[in-house]
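Below you'll find the structure, written out as structure tokens, and then a few comments.
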Amino acid sequence: MAGVLDGILVLDLSAGVAGPAATQTLGDLGADVIKVEPPGGDPVRAWAGPRLANGDSAAFLALNRNKRSLMLELAAPKGRAAVRTLAARADVVVTDSPPTALAEHGFDADTLHADNPRLIHAAIDPTLPDGSVGRDALHQAASGWGSINGLEEGPPAKSALPMMELTAANALVQAVLAALFVREDRGEGQAVSVGLFRNALAMTYFYGLNYRITGTPPVRHGNGSPAAAPLGVFEAADGPLQVTLAGERVWRKFVEGVANRPEWLSDPRYATNTDRVRNKQALLAELEAMFRTQPRDHWVDAFRAAAAPGGPIRTIGEAVDSPEVRERGLVGTAPHSAAGEVPVVMNPIRFAETPVRAPQAAPLLGEHTAAIAAEFGLALD
Amino acid sequence: MSGPFQGIRVADFSRVIAGPLTSMHLADLGADVVKIEHPVGGDDTRGYTPPDYHSLSAAMLCYNRNKRSIALDLGVEEGRNAARALIDAADVVIENFSTGVMAKFGLDYESVKRPDLIYCSTSAYGRTGPFAKRLGYDPVVQAESGFMSLTGHRHQEPVRTAIPMVDVSTGLTGGVGVMAALFHRKRTGQGQFLEVPLFDTGFAQTGLHAVGYLLDGTVPERIGNGDFFLAPVGRYRCEDGEIMIAVDTDEQFAALAEALGMPAAAGWESNAGRIADRATLDAALAAALAPLSRIEILVALQAAGVPCHEARGIPEAFADRAAANLLDTIPHEDIGEAPNMPSPLQLHGTPSGAPMAAPRLGKHGEAVLQQWLGFSGEQVAALRATGAMGAGGQAA
């Protein structure tokens, strides 16, 4: 079966996380993605952590499946001319440089549209409020988003996953798809963009809006909540559990089906959520003592049987090896030009008619330079 | 509304966050999204008060901009019939009930399908298979997917993100799925069923680390405000506040050390060396920054080309002019206006029309029945008389 974006050519001038995550999704949907890299390659190839024998990092593999790599020296006129040639044929160009740098290279929307009115120019804008440029961590810091995570009594903890960039990637893909949709009628492309700072502000959602409504600065609640109890992390005999009992219905399920302590239902200290919040200290102490008496699997089975919200806090290894990941086929392998088969994490969208493409692992640096040069008539040397 | 999806009708049965975020992005881009809610209380997020803005909760306002609301009791035959008629008049259906609920109402894909219908099911662990009946809760999925294990400080418990990022990621991914399906339908006329499960999406966010574990068994340890792949990255206390520094390259590190007059130890010239010696490097950097003011640090480091920014709480962040310009208020039909959080994406060639804040429960029942189904005033009154349709515009 065909992919949604079969026949759509995407020219990817981005590096790092947000742009490559977006073009990876476009590739999953069937687009032909040409990843332009400088002679040193996308810096993510060299990031620390697990890697292939050829040096490419796991992080690079995770962000660049279903793409071809074209090595170009953009500081040289020939390199920039090659980009212009490709952009004249492309349906979508994805960038992640600040607007001034795009204009300097002639890769801004106005310049590229002059050659190709059907082009969709999709920009991740990394500009910070003070005009400097930064990636995920700095947008967490600048927007306040990074200040609301963390334990109540401790310092903030930013999201370790680059969620400001990963969410921006999804937003950019949406913008591209909407622009492709409307291009069918208009015949013309357009400029679309996602500002990393704009996105990070948006991601503060109800924390941000509550502050705007009340004027009361938000505080960190860690794994708990000021409004409901019991919520949080509990240690079973052999590992941590996440428990989220907000409301009467799930509290009753928990007491009857998991804790097996029916007397708690008639205990005035725990009668309503308000009472449980008021007597949280006593309640949490009882729960801590109880959870320690059995292994984690015992509690997890009980939570599931009772349809009460609680589950194991898994490490990455435990998650990858979990029955859910295995049964649902969320990891697999993909052919790689230097390393045989390499692991991939699957795209989560399940289309009945237009399944996401079977993955091809991330390309070697410049792997497809000659083929792309021949295909598009690029003069590279 | 104008915008790319003008004229696309979305029958939105979803509640809480993931599904409503999917449909809000469609609404932001011009689709006519009708939110079908239970007449008593409606979407759970309506009750996420206090605080409230004229009895609208922040969560309601965040995830329901540009939608209309009809209150239908799906437990009543007339309510189900009206819902079915709305689906038959819609281009897109979105739902995120527990598995089996839409089937119980006779509104699941198999019951309502037609060749050009797009039907997006946001499930917890898939609509089929051994986990289909399990309920989906963001904090539990954060825990089970490995997502939560990464965030928090070393030697302390893991911490979930305060904003439910598995719900949010799933909502955004659902938007990608529906918009892809709309593009496919535009080109081929063919609709389809699609599914975006919470667990699968939460797990997919961990790909940077899941792939590494699959390569060599590495299980990352929590790293506070640092970064797994680059050093130094961190949030540092200085004389009058906190500063975030995020070094990307060896050149930037050399410039950082020089700008701060910080003696660099052997091995720190490479990222791998800095990662291996992260604790010492972090302490040296913290000591160098502690006596300086934020403005001194920003001036020195930005001149040296080192990526850095003030680490702000929400009040300070929102007071910045760049933020204040984006944090607007938008019109609300009943209460004049309401504070708004910006949409992250912009289409500069086909901007959408003036936005409208989240609706009161059931506000648009009559108008939707007239416009989508051609109901007369008598038919609307007859439906209302059955008790299947709630009154419009209740203050909740």
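The values are calculated or read from the model by the stated rules, or taken from the named source; none is laboratory data. Please read these numbers as outputs of a predicted model, since none were measured by experiment. Neighbour counts run over all protein chains shown; Cβ positions are idealised from the backbone, glycine included.
Okay, here's what the table says:
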{"item": "Qualifying positions in segment B:106-153 - assigned to a loop (DSSP other than H, G, I, E, B), among the aromatic types (F, W, Y) and within 22 Å of A:A352 (Cα to Cα)", "result": "B:Y125, B:F131"}
{"item": "Some residue of segment A:62-83 being touching a residue at least 12 places away in the same chain (Cβ under 8 Å) and closer than 19 Å to A:G189 by Cα", "result": "yes"}
{"item": "Criterion violated by B:H209 - all others in (1) closer than 24 Å to A:L138 by Cβ; (2) in a helix (DSSP H, G or I); (3) more than 7 Å from every other protein chain (Cβ to nearest Cβ) satisfied", "result": "(3)"}
{"item": "Scan of segment B:100-154 for residues that are at the interface with another protein chain (Cβ under 7 Å from one of its Cβ atoms) and in contact with a Phe, Trp or Tyr (Cβ under 6 Å, 6 or more places away or on another chain), ordered by number", "result": "B:Y125, B:F131, B:R134, B:S145"}
{"item": "Matching option when the condition is free of Cβ contacts under 8 Å to residues at least 60 places away in the same chain, closer than 19 Å to B:T161 by Cβ, buried (at least 23 other Cβ atoms within 10 Å of the Cβ) and within 24 Å of the chain's Cα centre (by Cα), among B:F203, B:F199, B:F183", "result": "B:F203"}
{"item": "Residues that are among the β-branched types (V, I, T) and within 14 Å of chain A (Cβ to nearest Cβ), drawn from segment B:337-369", "result": "B:T350"}
{"item": "Scan of segment A:183-200 for residues that are part of a helix (DSSP H, G or I) and buried (at least 24 other Cβ atoms within 10 Å of the Cβ), ordered by number", "result": "A:L196, A:F197, A:R198, A:N199, A:A200"}
{"item": "Hey, B:V219 facing chain A (nearest Cβ under 7 Å), more than 27 Å from the chain's Cα centre (by Cα) and among the hydrophobic types (A, V, I, L, M, F, W, C) or not", "result": "yes"}
{"item": "Residue among B:D32, B:D28 that alone is in the same structural domain as B:L369 (by TED's automatic domain parsing), among the charged types (D, E, K, R) and closer than 24 Å to A:R212 by Cβ", "result": "B:D28"}
{"item": "Tally, over segment A:311-357, of residues that are aliphatic (A, V, I, L, M), more than 9 Å from every other protein chain (Cβ to nearest Cβ) and buried (at least 21 other Cβ atoms within 10 Å of the Cβ)", "result": "1"}
{"item": "The lone exception for A:P20 - which of (1) in a helix (DSSP H, G or I); (2) away from every other protein chain (no Cβ under 14 Å) it fails", "result": "(2)"}
{"item": "Residue tally, condition more than 16 Å from B:D277 (Cα to Cα), in contact with a strand residue (DSSP E or B) (Cβ under 9 Å, 6 or more places away or on another chain), more than 7 Å from every other protein chain (Cβ to nearest Cβ) and outside any helix (DSSP H, G or I), over segment B:236-261", "result": "6"}
{"item": "Test: residue in segment A:208-220 that is under 18 Å from B:R312 (Cβ atoms), in a loop (DSSP other than H, G, I, E, B) and among the small types (G, A, S)", "result": "yes"}
{"item": "A:R135 vs. criteria at the interface with chain B (Cβ under 7 Å from one of its Cβ atoms), of a type in the set (D, E, K, R) and over 16 Å from the mean Cα position of the chain (by Cα)", "result": "no"}
{"item": "Only one of A:A53, A:A75 that is modelled with pLDDT under 95, more than 21 Å from the chain's Cα centre (by Cα) and either assigned to a loop (DSSP other than H, G, I, E, B) or of a type in the set (S, T, N, Q) (or both)", "result": "A:A75"}
{"item": "Count of segment B:84-135 residues which are of a type in the set (S, T, Y) and without any contact (Cβ under 8 Å) to a residue 12 or more places away in the chain", "result": "2"}
{"item": "Among (1) part of a loop (DSSP other than H, G, I, E, B); (2) touching a helix residue (DSSP H, G or I) at 6+ places or on another chain (Cβ under 6 Å), the one test that B:I94 misses", "result": "(1)"}
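To keep it simple, each residue is scored yes or no on (1) without any contact (Cβ under 8 Å) to a residue 40 or more places away in the chain; (2) surrounded by 19 or more Cβ atoms within 10 Å (Cβ to Cβ).
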residue: A:A202; (1), (2): yes, yes
residue: A:N210; (1), (2): yes, yes
residue: A:V219; (1), (2): no, no
residue: A:G222; (1), (2): no, yes
residue: A:A228; (1), (2): no, no
residue: A:V233; (1), (2): no, yes
residue: A:D238; (1), (2): no, no
residue: A:V243; (1), (2): no, yes
residue: A:W251; (1), (2): yes, yes
